[in-house]
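**Student:** Okay, here's the structure, questions in a sec.
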Amino acid sequence: FPDGYVQSHRVAGGSVLGAKYLAREDATTLGLIGSGQQARSHLLAYDIVSELETVRVYSPTKEHRERFAEAMDGEVSPSVRAVDDAHDAFRGADIVQCATSAISPVFEMEWLEPGMHVGVIKDGEAPHGFWDSENFDRMAKDYTLTTRNEVQGNYVSAEDRPRRPWDYYYV
């Protein structure tokens, strides 16, 4: 098995299993940030485990996001369309999946909406402050947001938190 192929499906499997058990059961809209191999693997996996009706995909290169949406629209059950702004992918989505190679944030904290499930594959995709323990109480009241540390009852400051992607599972 080529490592690049297996890797993208392994990452997608973890993301989508988290969404399956933590996102709202009535989720029908996915906002997808990214249009590469990770995004493709994630969308294929979401199609297997969810009842999505609509996917809005954004990536910074218009040609890439449009080509991705066109190709995937015929490959998965939900309707897939490209959007011109990352915020448009988030707005009103039940689930948002960031699946990029970005090393800087791809969304703003203000874009998060109550009941929205948000997944990232790299902690760098999340905005500054997203992982700060000060945000946990606010997010727990307004959103469904869980990290492995919270589930275990451990509040860990951002400075003390290990920066390994597998330490973070959140919605």
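**Student:** Which pairs turn up if I take residues in region 28-40 that are over 16 Å from residue 61 (Cα atoms) and look for partners that are in a strand (DSSP E or B) and basic (Lys, Arg) with beta carbon separation below 6 Å, at least 6 apart in sequence or on another chain?
**Tutor:** From region 28-40, the pairs are 31/56.
**Student:** Consider region 62-116. How many of its residues are surrounded by fewer than 18 Cβ atoms within 10 Å (Cβ to Cβ) and part of a strand (DSSP E or B)?
**Tutor:** The number of residues fulfilling the criteria is 2.
**Student:** For region 32-44, enumerate the residues that are in a helix (DSSP H, G or I) and within 17 Å of residue 73 (Cβ to Cβ).
**Tutor:** Those that are in a helix (DSSP H, G or I) and within 17 Å of residue 73 (Cβ to Cβ): 39, 40, 41, 42, 43, 44.
**Student:** Taking only region 13-37 into account, find how many residues are closer than 18 Å to residue 89 by Cβ, touching a strand residue (DSSP E or B) at 6+ places or on another chain (Cβ under 9 Å) and not hydroxyl-bearing (Ser, Thr, Tyr).
**Tutor:** Selection size over region 13-37: 10.
**Student:** Going through region 45-61 one residue at a time, which ones are within 17 Å of the chain's Cα centre (by Cα), without any contact (Cβ under 8 Å) to a residue 40 or more places away in the chain, part of a loop (DSSP other than H, G, I, E, B) and within 19 Å of residue 101 (Cβ to Cβ)?
**Tutor:** Result: 60, single match.
**Student:** Still on this structure, please answer the following. Across region 18-38, which residue is surrounded by the most Cβ atoms within 10 Å (Cβ to Cβ) among those that are at pLDDT below 95 and within 12 Å of the chain's Cα centre (by Cα)?
**Tutor:** Going through the qualifying residues, I end up with 19.
The values are calculated or read from the model by the stated rules, or taken from the named source; none is laboratory data. Because the structure is a prediction, the values reported are computed rather than measured. FYI the Cβ positions are ideal-geometry reconstructions off the backbone, even for glycines, and counts take in every protein chain you see.
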